[in-house]
Every structure is written in structure tokens, then in C-alpha cells.
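To start, the structure under review is shown below, and the notes come after it.
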Amino acid sequence: TGIIQAISEGPQASSFTAMSERSRALAGAILEDPAVESVSSFIGVDGANITLNSGRVLIQLKPHSERDKVSTVMARIRDRVARLEGTTLYMQPVQDLTIEDRVSRTQYQFTLQATNAAELGTWTPKLVDAIRRLPQVSDVASDLQDQGLQAYVTINRDTAGRLGVTPAAIDNALYNAFGQRLVSTIFTQSSQYRVVLEVKPQFQLGPSALNDIYVPASGVAQTSNSGAAQVTNSTGAATISGANQVPLTAVATITEQPGALSISHIAQFPATTISFNLAPGY
């Protein structure tokens, strides 16, 4: 049909900003090909892109009389994109008739299923590596996404209890900072506008942002002889001077661990989709 559909993929720990830069560079590289007429691409989590590190690309080719065949164009684009660091592009030609309604990274696909996600994560890469060694296929890929980064906030409950900090207060502080909490609505004669609470974008760039989060303590604020506020716990001992705000790092430990970006299921069991294109001549 003169259209190539593609799935772009970046590192699993990519942010939206990083994927935006990669998407623009990818579109520029594709447009350099003389057979390409236009490129449409989009990123961001939605019904098509289930993870943040993936995007969809539609490549419109020039009329058939003005270009090479699709397989030749795809090979040229693949060579251009290979020069882009941290970006992988999986392409397949759009056909009028298809058998499967699920869009995979490449043209031919099958699913691998297991009773638990751990076994699936172990065997999917092994099977993909084995298929890649076959001369009949190319562009072998899977939708296994289990190497994302997650930040774990582990609360030291003894310390938090002494300072009068509850888990609910920590949860609220994190949601206020990063959860886009709706706090009010501005009404006009013809429209209404949601007021969203969050920290500025420059304070959301990584796990280090958690070091700047403060959590309210539930102790009783008292004023000392010097006029400075003090927070006392249930035993009456002063715990904080100046304000009843506790740094998050004083009551919790922040660690990073790999985690799954998504887990696909078929008939309630974890499953991965493995896909490939045919090599030239097969």
C-alpha cells in the first residue's frame, strides 16, 4: 500500500523528554531517504504505546514508479537508523489484508506463554537469541519489557513513629509532588479549568528529586522561649526545630531496582509476543 508501519524503541528507563529527542532524530533520519514522502510519529503511553519507551511511526512512501520496492527502502532506512544511539526501529509493510489484529514489532509473530512471569522472563530472551541465529529470518524482537527502573521508598517505621510521620503523610506528599493532584477548578462564563498541583518540571528529572521532599509531622507545634517553633512527640521530647516538616530521607530509604514496564496476558496467563521478518530470498 506504499506505507511502512514501525515501532520505535528506546532504553527501558527512558523518560518522556529523552524519547521526544530520540523521536525527532528518528523522523529526521527517515526523511533523508529519497523514497520517503512523509513521516508521522507519536510517543507517550496510550492504547497503542503501552510503555513509555516505545513509539509508533507511519512512513508514507512516494508512488511506486518513483521509488524502489519496499524491502529495499526498509533496508536503507534500517542502515540510517542504526547510526542513532539508543534507538531501535522495527518496520513492516502495511498490507490490505492481515490475519492478526495485534500489531507486533515485525511482520510474523507468535506468542510464548508461561504460568508465571519469572519463567517467561528467563526463557523469552533465550528463545529470541536462538531464533536470531536462523538465516531465514531477520529483525527478531519481543515485547518483553522487564528491565525498567523503579524507585522504592522503604519507610523506617520506628524513626517515622518517633517523629510523628505517618505512611499516609508520605503518600500524600509524594502524590502532591508527582501525581498531578486536582486541587481546584476555575470557572468562567463559558469554560472551566482544572488547577493541578505538582512540583516544577526541573524537580522531576530523576530519583534525586525525592531528596527535596518534606513530609509534615503530626506532632504538636510549640513555641520556645526564642520564638522558634518546636514539634514534640508523644513523649514530650522536642524532635524538630523551626517547622514541623521532616525530610523524606530522614524517615525512608530510596532504592532503585529493575521492574517490568508491562506484563501482557493471554487467557489470564503471562505471555510475550515474539516477532520477525523474513530474510531476503526466503
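The values are calculated or read from the model by the stated rules, or taken from the named source; none is laboratory data. Note that this is a predicted model, so its numbers are computed, not measured. All Cβ positions, even for glycine, are placed from backbone atoms using ideal geometry, and neighbour counts span all protein chains on display. We work out accessible area using only protein heavy atoms, side chains counted, and drop any ligands, DNA or RNA first. Shrake-Rupley method; radii C 1.70, N 1.55, O 1.52, S 1.80 Å.
A Cβ distance below 9 Å, combined with a sequence gap of six or more or placement on separate chains, defines the contacts here; from region 135-155, residues that are at positive phi reach residues that are open to solvent by 40 Å² or more (accessible area, probe 1.4 Å) and part of a loop (DSSP other than H, G, I, E, B) in the pairs ASP139/GLN107. Scanning region 117-126 for residues that are open to solvent by 60 Å² or more (accessible area, probe 1.4 Å) and modelled with pLDDT of 90 or more yields a count of 4. So, of the residues in region 107-144 that are out of contact with any Phe, Trp or Tyr (no Cβ under 8 Å at 6 or more places or on another chain) and acidic (Asp, Glu), which turns out to be farthest from TYR90 (Cα to Cα)? Once the filter is applied, the top-ranked residue is GLU119.
Listed here are the residues, each with its yes/no results for (1) among the β-branched types (Val, Ile, Thr); (2) under 24 Å from the mean Cα position of the chain (by Cα).
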{"position": "LEU31", "(1), (2)": "no, no"}
{"position": "PRO34", "(1), (2)": "no, no"}
{"position": "VAL39", "(1), (2)": "yes, yes"}
{"position": "SER54", "(1), (2)": "no, yes"}
{"position": "GLN92", "(1), (2)": "no, yes"}
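Taken over region 262-278, the criterion of being more than 25 Å from SER138 (Cβ to Cβ), open to solvent by 40 Å² or more (accessible area, probe 1.4 Å) and not aromatic (Phe, Trp, Tyr) is satisfied by ILE263, HIS265, ILE266, ALA267, GLN268.
Could you pull out the residue among ALA130, ALA114 that is surrounded by 13 or more Cβ atoms within 10 Å (Cβ to Cβ), at pLDDT 90 or above and among the hydrophobic types (A, V, I, L, M, F, W, C)?
Details: ALA130 fails: surrounded by 13 or more Cβ atoms within 10 Å (Cβ to Cβ).
It is ALA114.
Please find, among ALA237, ALA217, the residue that is aliphatic (A, V, I, L, M), modelled with pLDDT under 90 and either closer than 30 Å to ARG133 by Cα or open to solvent by 40 Å² or more (accessible area, probe 1.4 Å) (or both). Walk me through it before giving the result.
Details: ALA217 fails: either closer than 30 Å to ARG133 by Cα or open to solvent by 40 Å² or more (accessible area, probe 1.4 Å) (or both).
Selected residue: ALA237, the only one of ALA237, ALA217 that is aliphatic (A, V, I, L, M), modelled with pLDDT under 90 and either closer than 30 Å to ARG133 by Cα or open to solvent by 40 Å² or more (accessible area, probe 1.4 Å) (or both).
If you check ASN49, ASN53, ASN116 for being in contact with a Lys or Arg (Cβ under 7 Å, 6 or more places away or on another chain) and either basic (Lys, Arg) or within 27 Å of GLY259 (Cβ to Cβ) (or both), only one passes: ASN49. Counting the residues of region 25-53 that are open to solvent by 40 Å² or more (accessible area, probe 1.4 Å) and over 23 Å from GLN145 (Cβ atoms) gives 6. As for region 59-68, it holds no residue that is open to solvent by 30 Å² or more (accessible area, probe 1.4 Å) and under 24 Å from the mean Cα position of the chain (by Cα).
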